[in-house]
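Okay, so here's the structure we're looking at.
Bear in mind these aren't lab numbers, they're just calculated from the coordinates by the rules spelled out. It should be emphasised that the depicted structure is a prediction, and the values quoted were computed from it without experimental measurement. Reconstructed Cβ throughout: ideal geometry from the backbone, glycine too, with neighbour counts over all protein chains shown.
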Amino acid sequence: MNKADSRKKNLLEFLNKRGYATIEELAQNFAVTPQTMRRDINQLATEGKVQRFHGGVGMPLSTENIIYDERKRLFPEEKRRIAELVARHIPDGASLCINIGTTTEAVAYALLEHRNLRILTNDLNVARICAGNPGFEVIIAGGSVRSHDLGVIGSETEKFISEFRMDFGIIGISGIDAEGNLLDYDFREVSVARTIIAHSRRIFLACDNSKFGRPAMVKVGHVSQLEAVFSNGPLPAYWQNMVKETGANLYLA
C-alpha cells in the first residue's frame, strides 16, 4: 500500500470514529496540506466512501452504509480481539445463529477451534468460514443473496430462521444511539436480525467502539434485549453506563 492509499485508509478510520471533521482539522491531523486532503476526500467521495459537506467531510448519512470491502479493512485488530472475547463465552456443543457483518465473520474465525457447534447463518461468508471445521453442522438460511457482501435476506430468510430456537444469537449492527437503540441501514437485513433476536435464548452483540453514537436509519432492537455487548476500549463512561443500566453485560477487548 502506497503512502496516499494508507492515508486514505486512516482517514476513513478517523471519520468512522468521529463522524465529521473539517478540512483544516484533517490536514493538521495527517500533516499534509489542505489541497492534498481535498484531493484524498474528492477521490473517496467519488467512490461513495465519504460525503462532502461545506467546509468538511463525514461518513455517508444514515441511509447508507460503508461498502463491504471497505468495512472489511476497518479495525481488523479490534474485530479480532472482540471475536476472541465472544468465542470464550461460547461453550462446545452450542447452537448459534450468526447474522451478517464483518465483525460476526471475525467471530466465525474465532470459533473454529470449538467442537460440535451447530451454526445457522444468513451470511455466506460466515458459512464458508465455519465449514472449515468438519465437526460443525452449518445451516444456511434461504433467501435473496446480496451481491456486495453475500448476505442472505428477505421474507424467506426470516421464515426459515423462525423455525429454529438457538442457544445463542450473535449479531452485529451499524450503530447504537444515546437511548440504547440498535440501528442498521437495510430494513430487510434488520427484519432478519429481529428474527434472530426473537428465536435465540441469549443474544450477544459484537461491535467495535466506533458504532457507539453512529447514526443509522432503521431500528433493530434495544440494548436491553441483549445478554452481553462485546466491544473494544477505550469506550467513554457514558456508553459504558448506558449499557450496564439496561442490564446487559459489557465486555471490552
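Side notes on the structure shown:
- Near Asn42: Cβ cut-off under 14 Å, other residues only, Lys/Arg at +1 and Asp/Glu at -1. The net charge is +4.
- Relative protection proxy for 153-164, 133-144, from highest mean packing down: 153-164, 133-144 (other beta-carbon atoms within 10 angstrom).
- Cα shape, region 190-232, gyration tensor, a/c 1.5 rule: oblate
- Pairs of Cα atoms nearer than 8 Å and 6+ residues apart set the relative contact order; for the chain it is 16 percent.
- Backbone HN-Hα couplings from phi across region 217-222 [Karplus 6.51/-1.76/1.60, Hz, Gly and Pro as x]: 8, 10, 7, 8, x, 9
- Only beta bridges with both residues in the chain are counted; by DSSP, about 40 percent of them are antiparallel.
- In this structure the amide hydrogen of Leu182, modeled in the peptide plane, comes within under 5 Å of the amide hydrogens of Val220, Gly221, His222, Val223, none closer than 5 places in sequence on its chain.
- Assigned charges on the beta-carbon of Lys, Arg, Asp, Glu; the chain dipole about Cα centre (debye): 360
- Distance between the C-alpha centres of region 1-16 and region 129-163: 32 Å, rounded to the whole angstrom.
- Oblate is the label for region 182-253, because the ratio a/c of its alpha-carbon gyration tensor axes (a ≥ b ≥ c) is 1.5 or higher and a/b is not greater than b/c.
- Cα shape, region 105-253, gyration tensor, a/c 1.5 rule: prolate
- Counting only DSSP H runs of at least 4 residues, each contributing -39500 (n - 2.57), and dividing by the residue count of the chain, the helix-based mean residue ellipticity at 222 nm comes to -11500 deg cm²/dmol.
- Backbone HN-Hα couplings from phi across region 164-179 [Karplus 6.51/-1.76/1.60, Hz, Gly and Pro as x]: 10, 9, 9, 5, 10, x, 10, 10, x, 9, 9, x, 10, 8, 5, 8
- Bridging of Lys9 to lysines at a Cα separation below 22 Å is possible for Lys17, Lys49, Lys72, Lys79, Lys211, once same-chain residues fewer than 8 apart are set aside.
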